[in-house]
Structure formats: C-alpha cells, structure tokens
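Down below is the structure, laid out as structure tokens.
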Amino acid sequence: GAGVSQSPSNKVTEKGKDVELRCDPISGHTALYWYRQSLGQGLEFLIYFQGNSAPDKSGLPSDRFSAERTGGSVSTLTIQRTQQEDSAVYLCASSLGGRSPDTQYFGPGTRLTVL
Amino acid sequence: AQSVSQHNHHVILSEAASLELGCNYSYGGTVNLFWYVQYPGQHLQLLLKYFSGDPLVKGIKGFEAEFIKSKFSFNLRKPSVQWSDTAEYFCAVNARTGGFKTIFGAGTRLFVKA
C-alpha cells in the first residue's frame with residue numbers, strides 16, 4: 001500500500017518568509033510524528049499527534065514553529081519568519097495507535113533551505 | 001530529559017568483519033527501544049525493536065540487539081557485515097510514561113568496504 005508521503009520534496013525560501021510542509025500518513029495510522037534532521041545531529045523530535053489527544057509539542061524549538069493535523073489524517077508543519085538555522089530535512093512518520101508507539105514508517109522528507 | 005547517546009559517529013569495516021554499535025539512554029523507567037536504518041537514497045526503516053521479554057532481539061538482515069537494563073544500553077550487533085549494510089543507523093527510545101514521544105540518537109554512519 002501507499003507509504004507516508006511528504007510535500008514538497010525540496011523547498012528553498014528566503015529568510016523571513018513563512019513555509020508550510022505537508023505530510024500524508026499511512027491510512028489508518030493514528031499517530032503522526034514530525035522530526036528535524038540536521039547534518040550530524042540525528043533526528044530531533046518536534047511534535048507528535050496521537051488520535052484525539054492533545055499533541056505533544058515539547059520538541060518545537062520556538063514559537064515560530066507550529067503544526068496541525070486535520071481530520072486525524074494530513075498534517076501541516078508551519079515555520080514562520082524562517083531563519084537560516086531552520087535549514088534541515090524535515091521528516092514525518094506515522095504509526096498505528098494503541099498504548100505505546102510501535103514501528104514508525106517514515107516519509108522521504110522535505111529538504112528546507114533558507115537563504 | 002531523555003537523551004540517547006550513540007558512541008560512534010563513523011565506523012568503517014571490511015566485509016565479513018563483526019559489527020557492534022553502541023547505544024545508551026538516560027531514563028530510569030520502562031522503555032521501548034528501537035534501531036532504525038537509513039540506506040543511501042532510501043527512507044528510514046525499522047531494523048528491530050524491543051518492548052519486553054527476551055532482552056536479545058533479532059531483526060532483519062541478520063542484525064540483533066541486546067537490552068541490558070543495568071547499563072541502560074541497547075547495542076546493535078551483526079556477526080559478519082556485508083557491503084550492502086553500508087547505511088546510517090539510529091537508536092531510538094520511547095519512555096513508556098512519555099506517551100508516544102520518541103528520542104533518537106545522532107546516528108552512526110557505517111561504511112563497509114568490499
């Protein structure tokens with residue numbers, strides 16, 4: 001079946017502009033995660049959504065970052081007033097729900113470059 | 001706060017050599033543990049996971065990992081690596097009381113010489 005998809009695959013923007021990154025999880029997966037992957041930094045947890053529970057936003061690095069998940073499916077990560085340090089690959093993953101996280105299925109990522 | 005430490009950032013091995021990648025985490029409670037792998041040009045994918053039971057876990061492609069609770073470790077091993085194992089490997093930890101939040105290590109880049 002279809003995996004996790006993300007769009008755009010690449011985004012180049014100017015410092016100060018807002019960007020929106022989209023994630024389509026695997027159908028039926030109730031948990032959705034966003035991570036940021038910077039060179040040599042591994043995956044940095046940003047936020048996760050699980051079912052109807054309040055999202056865990058504890059990883060968002062500043063109030064310029066926000067995310068929403070509409071209808072329990074598609075999610076959008078928004079970065080306002082982008083800075084050069086926001087340049088990274090943004091990864092989305094989804095997993096089945098339940099009481100604890102199981103295998104996460106990752107999308108191809110969005111490579112964000114802030115000039 | 002939880003953290004995950006992977007001791008080696010870059011590892012170079014010849015084919016047929018044995019592999020052990022270290023992973024330590026800082027959380028005193030019950031955890032779920034994962035190793036993910038990212039092959040060149042591919043998405044991150046699960047290699048193996050541990051939730052409970054036998055602390056020696058076997059995954060795909062001949063990989064295994066051992067959970068040692070007293071050492072807060074979950075090291076990844078393979079007796080004999082192949083060129084196709086060239087990839088980046090990530091250890092990840094979920095604290096059972098932390099909901100679905102999963103913390104990843106910085107990754108280890110493995111290069112296997114043919």
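Observations on the model:
- Value of Rg/Rh across chain B [Cα atoms, Kirkwood radius]: 0.96
- Calculated FRET efficiency for the pair B:SER70/A:SER7, C-beta based, R₀ 41 Å, to 0.05: 0.35
- Take the Kirkwood radius over Cα pairs of the protein assembly as shown, plug it into Stokes-Einstein at 4 °C and 1.567 mPa s, and you get 71 µm²/s for translational diffusion.
- Each other residue within a Cβ distance under 9 Å of A:LEU46 adds +1 if Lys or Arg and -1 if Asp or Glu, for a net charge of +1.
- Per-residue ³J(HN,Hα) for the stretch B:27-39, Karplus 6.51 cos²θ - 1.76 cosθ + 1.60, θ = phi - 60°, Hz, x for Gly and Pro: 6, x, x, 6, 10, 9, 10, 9, 10, 10, 10, 10, 6
- If R0 is taken as 45 Å, the Cβ-Cβ distance between A:ASP18 and B:SER52 corresponds to a FRET efficiency of 0.55.
- Per-residue average of Cβ from other chains inside 10 Å of B:36-43: 3
- Summed residue charge, Cβ within 15 Å of B:PHE51's Cβ, Lys/Arg positive, Asp/Glu negative: +2
- Considering every alpha-carbon pair of chain A, the percent of pairs per 5 Å bin, from zero through the bin containing the longest distance, is 2, 13, 24, 26, 19, 10, 5, 1, 0.
- Ranking of A:LEU39, B:LEU13, A:LEU96 by count of other Cβ atoms within 10 Å, fewest first: A:LEU39, A:LEU96, B:LEU13
- Prolate/oblate/rounded call for the stretch B:63-109, Cα gyration tensor, a/c under 1.5 rounded: oblate
- Centroid-to-centroid separation of the stretch A:1-64 and the stretch B:85-111 [C-alpha atoms, Å]: 17
Any read-out appearing in this document is the output of simple, stated calculations on the displayed coordinates, not a laboratory observation. Just so it is clear, the structure is predicted and the values come from calculations on it, not from any experiment. Please note: Cβ atoms are built from the backbone with ideal geometry, for glycine as well, and neighbour counts cover all protein chains shown.
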